[in-house]
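*Asks:* Sharing a structure, written as structure tokens. Questions coming.
The values are calculated or read from the model by the stated rules, or taken from the named source; none is laboratory data. Computed from a predicted structure; not experimentally measured. For neighbour counting, all protein chains shown are included, and Cβ atoms are generated from backbone atoms with ideal geometry for every residue, glycine included. We work out accessible area using only protein heavy atoms, side chains counted, and drop any ligands, DNA or RNA first. Shrake-Rupley method; radii C 1.70, N 1.55, O 1.52, S 1.80 Å.
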Amino acid sequence: MGIKRRHWASAAAPLTLALLAATGCASTPGARAEPTAAPTTPGALSTSLARVCGKPVAGPTKAPAGAVPVDPAEVGDLAAKTKSNPPNTTFWLRPGKHRLDPDRYAQVIPKEGDRFLGAPGAVLDGREKNQYAFGGTARDVTIRYLTVQGFVAPQNEGVVNHDSADGWVIEQATIQNNSGAGLMAGAHQRVRANCLRDNGQYGMNAYTTGGRVSDLVVEGNEIVGNNTGDWERRRPGCGCTGGVKFWAVNGADVRGNWVHDNHGTGLWADTNNNDFRIENNVLEANDGAALIYETSYNAVIRNNTIRRNNWVEGRKAADRGDNFPFATVYLSESGGEPRIRARTDKIEIYRNVLEDNWSGITLWENADRFCNSPANTSSGDCTLLVRDPRRCAEPAIASPPLYADCRWKTQRVDIHDNRFVLDKSVVKCTAKCDRMAVLANYGTYPDWSPYKGDQVAEAITDKQHNRWHDNVYLGPWTFVAHDPSQVLDSGQWRGTPYRQDAGSTLDPQAGG
């Protein structure tokens, strides 16, 4: 798996269960968020929160008819019985702590259609000896009611469905305190009502080697406290942390999840994802952005409650003097593309409530990041419009169609009917936490780049159909357009030449 990295400013180059339509009181960084009641707001939500980790659903107290019981007193019993039974067998794990053989590669290899059900108190514990819990390529495996903990998967690898097999269903499980990712994802996977908690890198890593994950559902989960290994500190700029990371996923419904208090980004779609619906989630108190959609295409982001995110990473950037508008919803080289089949042909962000985050929404495009550029941190990947990176070379890249198709473009983004609330006394900031932005850097690299100068900044700001309109702003918001130096008040943002936020209202005194 290649290591991807965010590109920020030119110098640094740099979301059916559970919702809450909320405007909440402050939480302190490091303290896990608690839901608060919310006033009714236009387009807002009214539901309860997915407290999966605090209220796990218990499995069957007796073995279902025909199920094979698994004894926690016998080390390796689960793997051995899985191996000796035919496909489509149901295994019932008795209460207690189940262990695998004490070999780092010892794991359960299911057969097609196998089902694993945990009794109340059933735990599969890797004891920090085994790397993986469930692996192999068998399709249509089901895991329910089981706690999986203590496994030590390497970086970017996962504990449950280690080999990203297709059709797995993981429901009402607790996957916690593992290294690497709690689970991986294959095509047609269903991840519902689980507690994905305190894993070393990700709660889930949706990635498969040599292909694309398709038709993925992530619904009603509590995703909390992940990246305990603090990978961004250990490998600065790795872009390898978060509650959930999505890589090259074609078609995903991410709905009704409570994604909170992760040590990094909450939800991060990175590199050639397409056709996402991120809706009815509560994203709060994550150290980094609530949502990053990076070098990807075609998404609907609606009816989410997004609050108190990015306090840690945003503040760090401000303290070091970085003028880039680090935001809680960050679109980096991502946009709508009608030529790529999806349920929408744009990125539409609407009916969300964003409250007391470190800044709002940033639309960014790095002029130096394109297919076949040495500055492309998605190493070896090209856009979904040009599969062969070698085509994106001079002189052909300087002319249509490659001039446009070799870039991941932040285009056709429609941001409307959202509610943006900011109280700087809650965020505890005086500056740089109040921004909404659309911008690019000045193109400089490589020498043969056809995107030098400010032409990408001109395009993302004025020519690529990126629009804010009919939003409600409460609090002292400012706006950035074209490049980080252009910090605007609301009048300048709405006036010529930017003409943003037609039909929107702004009350700078009403953020508290």
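*Asks:* Using a/c under 1.5 as the rounded threshold, could you call region 367-512 rounded, prolate or oblate? The axes a ≥ b ≥ c are square roots of the C-alpha gyration tensor eigenvalues, and prolate needs a/b larger than b/c, oblate otherwise.
*Replies:* Numbers: a/c = 2.58, a/b = 2.29, b/c = 1.12.
Prolate, because a/c is 1.5 or more and a/b exceeds b/c.
*Asks:* What list of ³J(HN,Hα) couplings, whole Hz, do you get for region 55-68 from phi and the Karplus terms 6.51, -1.76, 1.60, once you set θ to phi - 60° and write x for glycine and proline?
*Replies:* Per residue, the Karplus-derived 3J(HN,Hα) values read 9, x, 7, 7, x, x, 7, 10, 5, x, 4, x, 6, 8 Hz.
*Asks:* Going Cα to Cα from Lys452, which lysines come in below 20 Å? Please leave out same-chain ones fewer than 8 positions away.
*Replies:* Cross-link targets: Lys409, Lys463.
*Asks:* Continuing with the same structure: Just to confirm a number: summing +1 for Lys and Arg and -1 for Asp and Glu over residues other than Leu93 whose beta-carbon lies under 14 angstrom from that of Leu93, what do you get? Please list the in-between numbers first.
*Replies:* Numbers: positive: Lys62, Lys81, Arg94, Lys97, Arg99, Arg115, Arg144; negative: Asp71, Glu74, Asp77, Asp114, Asp125.
Net charge around Leu93: +2.
*Asks:* On to the next question. Out of the total accessible area of region 68-507 (probe 1.4 Å, heavy atoms of protein only), what percent is carbon and sulfur? Please list the in-between numbers first.
*Replies:* On the way: 6690 of 14290 Å².
So the carbon and sulfur contribution to the accessible surface is 47 percent.
*Asks:* Can you work out the Karplus-derived ³J(HN,Hα) for every residue in region 406-412? Use 6.51 cos²θ - 1.76 cosθ + 1.60 with θ = phi - 60°, whole Hz, and x for glycine or proline.
*Replies:* Rounded to whole hertz, the list is 7, 9, 7, 10, 7, 8, 6.
*Asks:* Apply the a/c threshold of 1.5 to the C-alpha gyration tensor of region 159-214 and tell me whether it is rounded, prolate or oblate. All intermediate terms of the calculation are to be shown ahead of the outcome.
*Replies:* Details: a/c = 2.53, a/b = 1.36, b/c = 1.87.
It is oblate, given that a/c is not under 1.5 and a/b is not larger than b/c.
*Asks:* Still on this structure: Can you give me the long-range amide H partners of Asp101? Hydrogens built in the peptide plane at 1.01 Å from N, cutoff under 5 Å, separation of 5 or more residues or another chain.
*Replies:* Close amide H contacts, sequence-distant or interchain: Gly76.
*Asks:* Right, another one. Can you check what the net charge comes to around Asp125, using other residues whose Cβ is under 11 Å from the Cβ of Asp125 (Lys, Arg +1; Asp, Glu -1)?
*Replies:* On the way: positive: Lys97, Arg99, Arg127, Lys129; negative: Glu128.
Neighbourhood net charge equals +3.
*Asks:* Right, another one. Along the three principal axes, how long is the chain when you take its alpha carbons, biggest first, rounded to the nearest angstrom?
*Replies:* Computed over the chain, the largest-to-smallest principal extents equal 72, 55, 39 Å.
*Asks:* Given Cβ point charges of +1 (Lys, Arg) and -1 (Asp, Glu) and nothing else, what value in debye, to the nearest 20, does the dipole of the chain about its Cα centre take?
*Replies:* On the way: 57 positive and 57 negative charges, 137 e Å.
For the chain, the charge dipole is close to 660 debye.
*Asks:* Using the Karplus curve 6.51 cos²θ - 1.76 cosθ + 1.60 with θ = phi - 60°, what ³J(HN,Hα) values do you get for each residue of region 420-425, in whole Hz, with x for Gly and Pro?
*Replies:* Here the 3J(HN,Hα) series is 10, 10, 9, 10, 5, 5 Hz.
*Asks:* So for region 68-507, taking the charge dipole from beta-carbon charges (+1 Lys/Arg, -1 Asp/Glu), which of Trp448, Asn250, Val480 sits furthest toward the positive end?
*Replies:* Asn250
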